[in-house]
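The values are calculated or read from the model by the stated rules, or taken from the named source; none is laboratory data. Here the structure is a predicted model, which is why all the values come from computation and not from measurement. Please note: Cβ atoms are built from the backbone with ideal geometry, for glycine as well, and neighbour counts cover all protein chains shown.
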């Protein structure tokens with residue numbers, strides 16, 4: 001590892017030129033000297049290659065890699081193997097960091113060299129910049145999280161992360177050695193390869209967390225049905241690893257994760273017009289983890305089922 005490189009920033013991109021410059025500028029705004037910025041262009045056809053050539057003229061730390069076009073998991077893994085620093089920060093091409101994020105995170109890791117990774121709170125925004133709420137606030141009904149904006153060590157990290165995928169990939173700084181030991185992102189999973197990796201990293205060292213919102217996560221329009229179905233399949237595969245665990249904390253976390261899985265299934269059934277199955281999954285989620293939001297959704301299912309039968 002090159003000790004003179006404080007951190008390697010990994011940015012996978014494909015046809016994301018509209019947002020890529022803002023992402024890169026947010027890296028430069030961190031005011032951390034000597035960063036290595038690795039952009040994996042995974043088969044863009046929107047002029048990304050020409051933009052990166054021009055950007056490299058004034059940014060010597062930029063490393064551009066032509067990806068194989070096999071998706072962000074493979075692209076990130078290529079960058080993990082290429083990285084020069086002992087720390088890697090991830091940033092998606094359509095997300096942006098707030099100033100100071102990386103500097104503070106690197107400082108925490110230098111004080112805690114045994115930590116496997118750290119992450120922060122983040123804000124969801126849509127394509128017109130509307131604030132759709134913070135991640136930690138959304139999941140507070142499922143897991144108890146620190147409220148401190150300073151980086152602290154997350155207690156029972158694996159149970160917390162298993163109960164709800166609160167880790168935003170673009171907030172993560174991880175030890176390069178830990179990422180390589182964990183074999184990076186599981187390319188064989190149809191989705192949720194990020195959640196899978198964070199759970200593996202929880203076994204490899206302490207985990208840092210900050211409740212401060214340090215980045216914007218862009219929620220872009222797309223095929224939510226196909227994404228949800230792939231995520232459901234992946235969640236089933238990942239949770240199967242924890243079946244039969246004797247750890248009481250993980251047992252409770254599995255119940256919460258299964259409740260999240262049932263909610264995802266319910267939303268998928270409802271989108272398909274299958275209200276009875278949506279109701280069944282919402283009721284299952286309530287049994288696993290009572291929750292006001294789920295109860296409201298179940299009541300809506302029940303009401304719509306009655307209306308459909310009486311029509």
Do we find that residue 206 is closer than 29 Å to residue 133 by Cα, modelled with pLDDT under 95 and surrounded by fewer than 19 Cβ atoms within 10 Å (Cβ to Cβ) in this structure?
no
Residue 130: passes all of (1) without any contact (Cβ under 8 Å) to a residue 60 or more places away in the chain; (2) surrounded by 17 or more Cβ atoms within 10 Å (Cβ to Cβ); (3) within 20 Å of residue 18 (Cα to Cα) but (2)
Selection from the range 15-34 of residues without any contact (Cβ under 8 Å) to a residue 60 or more places away in the chain and part of a loop (DSSP other than H, G, I, E, B) yields 15, 33, 34
The residue that is farthest from residue 296 (Cα to Cα), considering only those in the range 240-268 that are assigned to a helix (DSSP H, G or I) and out of contact with any helix residue (DSSP H, G or I) (no Cβ under 6 Å at 6 or more places or on another chain), is 241
Pick from 199, 162, 145: which is modelled with pLDDT under 95, in contact with a helix residue (DSSP H, G or I) (Cβ under 9 Å, 6 or more places away or on another chain) and under 23 Å from residue 263 (Cβ atoms)?
145
Tell me which strands (runs of 3 or more DSSP E) are completely within the range 75-183 and hold 1 or more residues being in the same structural domain as residue 21 (by TED's automatic domain parsing) and farther than 30 Å from residue 43 by Cα, or say none if there are none.
117-125, 131-134
Out of the residues in the range 8-20 meeting the condition of being surrounded by 14 or more Cβ atoms within 10 Å (Cβ to Cβ) and more than 19 Å from the chain's Cα centre (by Cα), tell me which one is nearest to residue 104 (Cα to Cα).
17
Would a scan of the range 55-64 turn up a residue that is touching a strand residue (DSSP E or B) at 6+ places or on another chain (Cβ under 8 Å), modelled with pLDDT of 95 or more, assigned to a loop (DSSP other than H, G, I, E, B) and surrounded by fewer than 19 Cβ atoms within 10 Å (Cβ to Cβ)?
no
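Yes or no, residue by residue, for (1) at pLDDT 95 or above; (2) assigned to a helix (DSSP H, G or I); (3) surrounded by fewer than 19 Cβ atoms within 10 Å (Cβ to Cβ):
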position: 270; (1), (2), (3): no, yes, no
position: 280; (1), (2), (3): yes, yes, yes
position: 294; (1), (2), (3): no, yes, no
position: 309; (1), (2), (3): no, yes, yes
